[in-house]
Amino acid sequence: MIGFFLERFIKAVSIHRKWLLWAFVPVIIYLMISAAIPDRFVVRQKISITGDTLISLSPRPADLRPLGELISAPDHFFRNRFALSLLAKKLDKGMPSAQSGNLPINLSSEVEKCLTFEMTAKNSVNIVYVGSNREQGETMVAFYAGRLITQAGDYLAITPSAVKDGAVAPKMVGTMTVEEKRSPWRYKRLWPALYLFVITWVVLLILIALLEWFKPSFRSVRHVAQYLRVPILGAVPNLKCIAGVMKS
């Protein structure tokens, strides 16, 4: 009996096999929508500052680095422990902390991956975020831009000779800019697309099985006997199958 229903189901799938092509429709729609929605953002804030300006990285007077050195090794500025703790509070993420130094692990790796300096001219620099979270990027860029200006200003405040030598306090130039990036394909879309295809395909198979189950036709010789309430003495075989065997 199970073999009969399985054969009947396979035959129904063969008859309605074109329906299975609809499994591609949700995948195509998903990929088209994903390609149209921006999934990468480039956030920039331009700051007017000279390359030889000393930046104070901590309250200690000896912890001073020229901006040129920070541009070459931005981790000294962006992954400063004190700065990360302030940024974590600003983002209010509740991120896990490392056992030593109380350093927010997730935030530290995110800052390392997404933030950098971009030298645009002799007396200006951009703080740039490249990532998938626009709001987070704007917060990070605004935080570090303000911190750069503050730390450079602290050095000028305690070093009158630098002002006499013509050093100018850094300041933001213009407003923060956000550039949206789109891509027709990214690898991270592969698995959602496959899951969507398989789920749709299974739903179509279930639909075909239900249509076949509720189809008003006899499913077996025993079913005919039960319906007619008389014994069945014999059954006419499928002549098409017999003809096919004879031809082969």
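The values are calculated or read from the model by the stated rules, or taken from the named source; none is laboratory data. It should be emphasised that the depicted structure is a prediction, and the values quoted were computed from it without experimental measurement. Positions of Cβ are generated from backbone atoms using ideal geometry, with glycine treated the same way; all protein chains shown enter the neighbour counts.
When the range 155-173 is examined, which residues are found to be modelled with pLDDT under 65, surrounded by 12 or more Cβ atoms within 10 Å (Cβ to Cβ) and not hydroxyl-bearing (Ser, Thr, Tyr)?
Initial filter on the range 155-173 (modelled with pLDDT under 65): 155-168.
From what is left, the residues that are surrounded by 12 or more Cβ atoms within 10 Å (Cβ to Cβ) are 155-157, 159, 162-163, 167-168.
Within the range 155-173, Leu156, Ala157, Ala162, Val163, Ala167, Val168 qualify.
Kindly establish whether Arg147 is under 19 Å from Ser48 (Cβ atoms), at pLDDT 70 or above, crowded, with 16+ Cβ neighbours inside 10 Å and among the charged types (D, E, K, R).
Values: under 19 Å from Ser48 (Cβ atoms): yes; at pLDDT 70 or above: yes; crowded, with 16+ Cβ neighbours inside 10 Å: yes; among the charged types (D, E, K, R): yes.
When the stated conditions are applied, Arg147 passes them.
Out of the residues in the range 107-126 that are crowded, with 16+ Cβ neighbours inside 10 Å and either hydroxyl-bearing (Ser, Thr, Tyr) or in contact with a Gly (Cβ under 9 Å, 6 or more places away or on another chain) (or both), which is nearest to Arg81 (Cα to Cα)?
Filtering the range 107-126 for residues crowded, with 16+ Cβ neighbours inside 10 Å gives 107-108, 110-111, 114-117, 124-126.
Subset that is either hydroxyl-bearing (Ser, Thr, Tyr) or in contact with a Gly (Cβ under 9 Å, 6 or more places away or on another chain) (or both): 108, 110, 114-116, 124-125.
On the way: Ser108: 9, Glu110: 14, Cys114: 17, Leu115: 15, Thr116: 17, Ser124: 26, Val125: 23 Å.
The extreme case among them is Ser108.
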